[in-house]
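Here is the structure we will look at, set down as structure tokens.
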2 protein chains.
Amino acid sequence: MSKVRVHNFSISIDGYAAGPGQTLDVPLGAGGRLLHEWVFNTRAGRQMIGEDGGDEGIDDEFFAQREVGIGATIMGRNMFGPIRGPWGDAQWSGWWGENPPFHCPVFVLSHHPRPPIEMQGGTTSHFVDAGIEVALERARDAASGNDVLIGGGATTIREYLAAGLIDEMHLVIVPVLLGSGERLFEDLAGIGNAYHCAEHVSAPAVMHVRLSRMEPSAR
Amino acid sequence: MSKVRVHNFSISIDGYAAGPGQTLDVPLGAGGRLLHEWVFNTRAGRQMIGEDGGDEGIDDEFFAQREVGIGATIMGRNMFGPIRGPWGDAQWSGWWGENPPFHCPVFVLSHHPRPPIEMQGGTTSHFVDAGIEVALERARDAASGNDVLIGGGATTIREYLAAGLIDEMHLVIVPVLLGSGERLFEDLAGIGNAYHCAEHVSAPAVMHVRLSRMEPSAR
């Protein structure tokens, strides 16, 4: 069966995926930008935002994995945009401009229905109001045997972790302390002993960790 | 002025310094032993418990730093022993046998007074009921210009972090998920942006991170 994967999810040493005080102008909270600087120093990260340059190397290789073998992406409402509640005049089509960096069907978890949005480059966003398991079923169907990326944010990944639905997770530990903010690992008692470390490696700016779900028989 | 240092403090990927369900028989909680296995694979770690063997290398070099330039150690009551409340017949002299691995004056934070205990190898344990700042003053005096080690556990380090009193901190990130337990980083909003990363390096089993307090002018 196809796998459910998380890639390039950055957390601080003290466990925060976003800093305190998230707003529309500061979507990652105070200090949260520090968690993602590594991305924009890579060639693949620059390419994602339509820029040249950037470094090859460990960070670049890890970052690029987010597209390899992925056939559909799931994300939370807050990752898709800043609008809360009903969609209003429905002009918002994501943070990413005309040609979003997904190039596959995207399933946005939302309690507010909305017709799909077809963008350039193969990204069509669907809005799913039936829970994370239905969203995953739809994503698996759309992925036609390829893997499903859980794109984020922290709340969405946490929900899929709590449900035992994530097979592989690549975390990026950024050596800063944020002091407060939104945690990835919170109320997840069930994941104790559920993953083993497949790889951990230090790059100059960050530490990469790949976790794989253990077969229940191996726990 | 002498520095206040933390060394070899292990946390899981999800931020726990001990697993759930700590008891006298399982002082590190379920799965908590995983956090410290790396120590007992090092030469210096084996030496600490009176055994030969163990590996040299990155882990060994980091572990051995806990003694270099240290003139006194502070620890919490729970790190000293399992007894809660009054000391009773006061036979308990620590987890470490006749010759504890500190070789310097030790200051144990306790609300229950008790005369000092002099052990072999230069370890004399004093019991301080006047708060963390007084304990640090006494430790600095006893250290005669050398540095003070905050030995642990998590609660004690957290108190010193919250008070802004720790200058250097060596953390060891162990690539396991414990799911629940006791966190090091909790209710420490004030440490956001207070430390910079002096070094981070992956060893085969764990990741080492050294943090140094930034001068207030640099924040």
Please list, in chain and number order, the residues 5+ apart from B:Tyr195 or on another chain whose amide H is under 5 Å from its amide H, with Hs placed from the backbone. A:Leu177, B:Met214
Computed for region B:129-187: size of charge dipole around the Cα centre, +1 on C-beta of each Lys and Arg, -1 on C-beta of each Asp and Glu, debye to nearest 20, value 180 debye
Can you list residues whose amide H is under 5 Å from B:Ile74's amide H, if they're 5+ apart or on another chain and H is modeled 1.01 Å from N? B:Phe107, B:Leu149, B:Ile150, B:Gly151
Place the label 7 angstrom along Cα→C-beta at A:Glu137 and in each other copy, then list the distances from the first to the rest in nm, shortest first. 6.8
Give the nm distances, rounded to one decimal, from B:Asp25 to the matching residue in every other copy, measuring between label points 7 Å along Cα toward the beta carbon; shortest first. 5.9
Whole-percent tail of the Cα-Cα distance distribution for region B:1-95, cut at 24 Å, equals 34 percent
If unit charges are put on Cβ atoms (+1 for Lys and Arg, -1 for Asp and Glu) and the dipole of region A:134-209 is taken about its Cα centre, the option from A:Gly152, A:Leu178, A:Ala198 lying farthest towards the positive end turns out to be A:Leu178
For region B:11-106, state which trypsin sites (Lys or Arg not before Pro) are in a DSSP loop and have at most 12 other beta carbons lying within 10 Å of their beta carbon. B:Arg84
Could you compute the net charge surrounding A:Val206? Neighbours are other residues with a C-beta less than 10 Å from the C-beta of A:Val206; K and R count +1, D and E count -1. -2
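With the cut-off at 1.5 for a/c, could you classify region B:40-119 from its C-alpha gyration tensor as rounded, prolate or oblate?
Taking the square roots of the gyration eigenvalues as a ≥ b ≥ c, region B:40-119 is prolate.
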Please report the net charge: other residues with Cβ closer than 15 Å to the Cβ of A:His111, K and R +1, D and E -1. +1
Once amide hydrogens are built 1.01 Å from N within the peptide plane, the residues lying 5 or more places from B:Asp55 or on another chain with amide H under 5 Å from its amide H are B:Thr42, B:Arg43
Applying the Karplus parametrisation 6.51 cos²θ - 1.76 cosθ + 1.60 with θ = phi - 60° to the phi angles of region A:132-140, what ³J(HN,Hα) value in whole Hz is obtained for each residue in order, glycine and proline being reported as x? 5, 6, 5, 4, 5, 4, 5, 5, 4
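Need one number for region B:126-213: average projected area of the convex hull over its C-alpha atoms, nm².
Hull-based average projected area comes out at 7.3 nm².
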Chymotrypsin sites (Phe, Trp or Tyr not before Pro) in region A:60-95 lying in a DSSP loop, each with at most 13 other Cβ atoms within 10 Å of its Cβ, come to A:Trp95
Report the charge-dipole magnitude of the protein assembly as shown in Debye, nearest 20, computed about the Cα centre from +1 at each Lys and Arg Cβ and -1 at each Asp and Glu Cβ. 680 debye
Work from the charge dipole of region B:1-158 (Cβ charges, +1 for Lys and Arg, -1 for Asp and Glu, about the Cα centre) and give the residue of B:Gly31, B:Val128, B:Asn99 farthest towards its positive end. B:Val128
Under 12 Å from the Cβ of B:Phe40, count the other residues' Cβ atoms, weight Lys and Arg +1, Asp and Glu -1, and hand me the total. -2
Could you work out Rg/(2.2 N^0.38 Å) for the protein assembly as shown, with Rg from alpha carbons only? 1.10
Using θ = phi - 60° and the Karplus relation 6.51 cos²θ - 1.76 cosθ + 1.60, list the HN-Hα couplings for region B:51-63 in order, rounded to whole Hz, with x at every Gly or Pro. 10, 8, x, x, 8, 7, x, 4, 4, 5, 4, 5, 4
In nm, one decimal, shortest first: how far is the label point of B:Cys197 (7 Å from Cα along Cα to beta carbon) from the matching points in the other copies? 1.5
Could you tell me the center-to-center distance, by alpha carbons, between region A:23-59 and region B:98-135 in angstrom? 49 Å
Just report the Cα centroid separation between region B:176-219 and region B:60-78, whole Å. 17 Å
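A short reminder: the numbers here are calculations on the coordinates, not readings from a lab. Keep in mind that what you see is a predicted model, and the values were worked out from it rather than measured. No Cβ is skipped: glycine too gets one built from the backbone with ideal geometry, and neighbour counts run over all protein chains shown.
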